[in-house]
Amino acid sequence: MIQPSPIISKTQMTLIDHMLEYNQYRPLLSYIKENTTLNDSYLIHSIQLAQAFLDVNIREIEQLAPKVDRQYLLKPTYLERRVYSYAHYMNVQFERCEYMDYFRALSPLLVDLLRLIIEEDFMPELSQYIQPIVKETVEGKPVYRGLQWKQAKVEEEANKVAETFTKYYGDRFNYKHYVSSSHLLKLIDDHSRNDEVRAKAISLRHIEKYVRNIVAHEVIYVSDELVERRTGMNVEQIHRLLQEALILAGLDDKRQWAILNELNKAIKNNIQDRTN
């Protein structure tokens, strides 16, 4: 008797495993949608959610998490969720050895990370001193341009931000400048009593200054040797430092860190359960 062919062949399952292992969610989504047997809304939403993390698409994460019974992903603050998501993106760049993209991504993460470290360590009200800025383009369209310090709030009364700005800039701080890792590091250096926090923040800023800035502005081959020559640390050590700093920022929710592995497992189980 001739046995019926499996819905998913061993070769096809190997291909799916490969896409999951390397977080190739877009081609996986296309493959699933083309296979009518596998085209299931829960499966598609799970794949879309995994991709949303790598895209740092917070709005889509908010929409998709309840559809796959993962409301816990929405418990952290907006800033915390943004950093969790961005850190997942950087983890993937590190695992793929895509070091140019990895270091170019450092500055955006560093600003948010240092903000969270400050709020966790000594100034939980920091966000009250920061504001989003919207400006018009030459065509008159309003667009978000970045974060600036609230001058009125900083100068309103005695506070740590005003103290640090006076120390380094006197009365000449330019409030048109956008919030930078340099500003935040000065706050940490002045006010943190945690030596580990200060040391890791200084090290990350050093890496940004001597690797990220050159990589972001010049076409340059980024090797482990180049990184170690410029910073005294190899890429693996830098990535470990970054992970330790994330924990110091209070980002220690194991479910948040495990989400891509969990989704990969759920996606594979879903496919296997419906094709066996």
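The values are calculated or read from the model by the stated rules, or taken from the named source; none is laboratory data. Note that the structure is a prediction, hence the values are computed from the model and not measured. Cβ: placed from backbone, ideal geometry, glycine included. Neighbour counts: every protein chain shown. Heads up: the accessible areas ignore ligands, DNA and RNA and are worked out on the full protein's heavy atoms, side chains in. Shrake-Rupley method; radii C 1.70, N 1.55, O 1.52, S 1.80 Å.
Has the range 61-71 got any residue that is in contact (Cβ under 8 Å) with a residue 60 or more places away in the chain, open to solvent by less than 50 Å² (accessible area, probe 1.4 Å) and closer than 16 Å to residue 263 by Cβ?
Yes: the range 61-71 contains one or more residues that are in contact (Cβ under 8 Å) with a residue 60 or more places away in the chain, open to solvent by less than 50 Å² (accessible area, probe 1.4 Å) and closer than 16 Å to residue 263 by Cβ.
Yes/no matrix, rows are residues, columns are (1) crowded, with 16+ Cβ neighbours inside 10 Å; (2) part of a helix (DSSP H, G or I):
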{"residue": "109", "(1), (2)": "yes, yes"}
{"residue": "124", "(1), (2)": "no, no"}
{"residue": "128", "(1), (2)": "no, yes"}
{"residue": "144", "(1), (2)": "no, no"}
{"residue": "152", "(1), (2)": "no, yes"}
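Within the range 95-107, how many residues turn out to be part of a helix (DSSP H, G or I) and either open to solvent by 50 Å² or more (accessible area, probe 1.4 Å) or among the basic types (Lys, Arg) (or both)?
4
What about residue 240, is it among the charged types (D, E, K, R) and either closer than 21 Å to residue 107 by Cβ or touching a helix residue (DSSP H, G or I) at 6+ places or on another chain (Cβ under 7 Å) (or both)?
Considered against the rule, which asks whether it is among the charged types (D, E, K, R) and either closer than 21 Å to residue 107 by Cβ or touching a helix residue (DSSP H, G or I) at 6+ places or on another chain (Cβ under 7 Å) (or both), residue 240 comes out as yes.
State whether the residues of the range 46-53 include one that is more than 19 Å from the chain's Cα centre (by Cα) and over 22 Å from residue 239 (Cα atoms).
The answer is yes; a qualifying residue exists.
Which one is surrounded by the most Cβ atoms within 10 Å (Cβ to Cβ), of the residues in the range 182-227 that are in a loop (DSSP other than H, G, I, E, B) and among the small types (Gly, Ala, Ser)?
192
When the range 85-132 is examined, which residues are found to be β-branched (Val, Ile, Thr) and within 22 Å of residue 253 (Cβ to Cβ)?
Scanning the range 85-132 gives 92, 111, 117, 118.
Only residues in the range 171-186 that are more than 12 Å from residue 111 (Cα to Cα) count as the first member; pair them with residues that are outside any helix (DSSP H, G or I), Cβ under 9 angstrom, at least 6 apart or cross-chain, and list the lot.
Hits for this filter: 173/149; 175/148; 175/149; 175/150; 176/148; 177/148; 177/149.
For the range 248-256, indicate whether the set of residues that are surrounded by fewer than 16 Cβ atoms within 10 Å (Cβ to Cβ) and of a type in the set (A, V, I, L, M, F, W, C) is non-empty.
No, every residue in the range 248-256 fails to be surrounded by fewer than 16 Cβ atoms within 10 Å (Cβ to Cβ) and of a type in the set (A, V, I, L, M, F, W, C).
Under 9 Å between Cβ atoms, which residue pairs at least 6 apart in sequence (or on different chains) link something in the range 11-34 that is touching a residue at least 60 places away in the same chain (Cβ under 8 Å) with a partner that is among the basic types (Lys, Arg) and open to solvent by 40 Å² or more (accessible area, probe 1.4 Å)?
From the range 11-34, the pairs are 13/268; 16/268; 17/268; 20/265; 20/268; 22/96; 23/96.
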